[in-house]
Amino acid sequence: MRVQDFARSIVTSPDLETKLKRPPEAPDWSLREEDLDLSDLPRSPTRAPSMQIVGPRKARTPSLEGWADPAQRRKILHALTNHELQAAELFAWALLAFPEAPEEFRHGLWEILQDEQRHTRMYRARLQAHGGQFGDYPVSGHFWHKIGGIVSPAHFVCAMSLTFENANLDHTVESSQAALDGGDPGSAVVIDQIRRDEMVHVSFGWRWLRHFKRPEQSMWEAYRESLVVPLHAGRATGKSFDPAPRRELGMDEAFIEELRQAHDLTGAGGHRLDKPGGKPVR
Ligand SMILES: [Fe+2]
Ligand SMILES: [Fe+2]
């Protein structure tokens, strides 16, 4: 099966099992002329009726303190499953959006796509272990809503790897602790496994931003230049900010310091900036 056809099926099929299907072992990387025509590039995923993306007000997620309560815990795990599903759809989307990007970059997207499918299955299994099903609650399109200005691989890695997945280095620490505190060690184990994969994904973005940037630019300058509105650097951290995993994956100290300042300036990972005057919303 061709990579482009597989990627398109993940974005455009309403069927969850198709979105989570394991890819062919020997994928066909050939491109056809139609693959280079981006006029029909999807701007949103096709979803089954029960999994349709709705506005953020209709898809509220309980705060992590709710983990101890089975009903709230199911809603949290449901939202985490949806985050990972969006990530899988968006890495598939990137394969469609950037057919002419370097081959090695596209191979990286392909590997991460499979990780995101696996993460979706892992959270879905935790949801099912607690008696829930994916589709039980309304879901938001938090990541998909930010793709408007993403027209280059550099834009993509700055949004996906260096902002959303970067923030997940903190979110996963916070949610793993909340799962433990809430009496759900099984979910904490899953979250910790996912954090290790996210480090690899952030490192992918770091490596490729270094490749795409102009030689005279610092990594921070390149990141800020390619980060498309409404995203901002405060979104690249969680409520907490831990420099250690960033150091471990090879981010430079100047970049980490800028992240720290963005975190301190925007407060709690920029949530207050996104919702002026409002409470932080996760
Ligand atoms: Fe993930
Ligand atoms: Fe990821």
Give the residue that is nearest to ligand 1 (Cβ to nearest atom), with candidates limited to residues of region 65-91 that are part of a helix (DSSP H, G or I) and acidic (Asp, Glu). Glu84
Checking the condition without any contact (Cβ under 8 Å) to a residue 12 or more places away in the chain and either open to solvent by less than 20 Å² (accessible area, probe 1.4 Å) or away from ligand 1 (no atom under 14 Å from the Cβ) (or both), which residue from Gln117, Gln133 passes? Gln133
In region 244-262, residues that are closer than 14 Å to Ala167 by Cβ and of a type outside the set (A, V, I, L, M) total 3
Somewhere in region 101-108, is a residue within 15 Å of ligand 1 (Cβ to nearest atom), in contact (Cβ under 8 Å) with a residue 60 or more places away in the chain and not hydroxyl-bearing (Ser, Thr, Tyr)? yes
Residue in region 59-78 that is surrounded by the most Cβ atoms within 10 Å (Cβ to Cβ), counting only those that are closer than 11 Å to Tyr137 by Cα, at pLDDT below 95 and touching a helix residue (DSSP H, G or I) at 6+ places or on another chain (Cβ under 8 Å): Thr61
Consider His155 against the criteria (1) under 30 Å from Gly183 (Cβ atoms); (2) assigned to a helix (DSSP H, G or I): it satisfies all of them except one. Which criterion is unmet? (1)
Output the residue which, of all residues in region 120-130 that are part of a helix (DSSP H, G or I) and open to solvent by 10 Å² or more (accessible area, probe 1.4 Å), is nearest to ligand 2 (Cβ to nearest atom). Met122
Condition check for Pro56: open to solvent by 70 Å² or more (accessible area, probe 1.4 Å), in contact with a Ser or Thr (Cβ under 7 Å, 6 or more places away or on another chain) and of a type outside the set (A, V, I, L, M, F, W, C): yes
Output for region 164-219, where each listed residue is more than 16 Å from ligand 1 (Cβ to nearest atom), open to solvent by 20 Å² or more (accessible area, probe 1.4 Å), within 22 Å of Gly108 (Cβ to Cβ) and not in a loop (DSSP other than H, G, I, E, B): Arg207, Arg210, His211, Phe212
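The values are calculated or read from the model by the stated rules, or taken from the named source; none is laboratory data. Fair warning: this is a prediction, and the values are worked out from it, not measured in the lab. Cβ atoms come from the backbone with ideal geometry, glycine included; neighbour counts cover every protein chain shown. Only protein heavy atoms, including side chains, enter the accessible area calculation; ligands, DNA and RNA are left aside. Shrake-Rupley method; radii C 1.70, N 1.55, O 1.52, S 1.80 Å.
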